[in-house]
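Read-outs throughout are calculated quantities, based only on the coordinates presented, and are distinct from any laboratory measurement. Every value quoted in this text rests on a predicted model; they were computed, and no experiment measured them. All Cβ positions, glycine included, derive from the backbone under ideal geometry; neighbour counts span all protein chains shown.
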Amino acid sequence: MLRVVFSERSRQQLLELYDFIADASSAESAHRSTSALNKHCRSLAEFPFRGVSQDYVHPGLRTLVFRGRVTITYSVDADTVTILGIFYAGRDWQGGVEL
């Protein structure tokens, strides 16, 4: 099984998403949503290639959609899945990818 690591940017984006949901709804809802998103990201350890290849943007880049509202960008190497970005509600993931 591969290990999953979050880039500094993706960790920041996850915190920003938590704040957005907490402001719009509640801290409990934000915790529930971001915990589920974190679990979804970590499940890539078992099935890392289930996302869509985005080689036309950058070789090795993949995306996975969570609950129809969040796009997760990531890459896979021999032993690690690296979460590169977490983009909520249609934000431009192609312009926001940092490798």
Exercise for review: Kindly provide the set of residues from segment 14-37 that are among the polar types (S, T, N, Q) and either in a helix (DSSP H, G or I) or surrounded by 12 or more Cβ atoms within 10 Å (Cβ to Cβ) (or both), ordered by number.
Suggested key: Ser25, Ser29, Ser33, Thr34, Ser35
Revision key, fill the gap. Pairing a residue in segment 3-15 that is among the aliphatic types (A, V, I, L, M) with any residue that is surrounded by fewer than 18 Cβ atoms within 10 Å (Cβ to Cβ), where Cβ atoms lie under 9 Å and the two sit 6 or more apart in sequence or on different chains, gives Val4/Arg42; Val4/Ser43; Val4/Ala45; Val4/Thr80; Val5/Thr80; Leu14/Asn38
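Quickly run through segment 38-53 and pick out the residues that are free of Cβ contacts under 8 Å to residues at least 24 places away in the same chain and not in a strand (DSSP E or B). First the steps, then the outcome.
Initially, segment 38-53 is screened for residues free of Cβ contacts under 8 Å to residues at least 24 places away in the same chain, giving 39, 43, 47, 50-53.
Matches in segment 38-53: Lys39, Ser43, Phe47, Arg50, Gly51.
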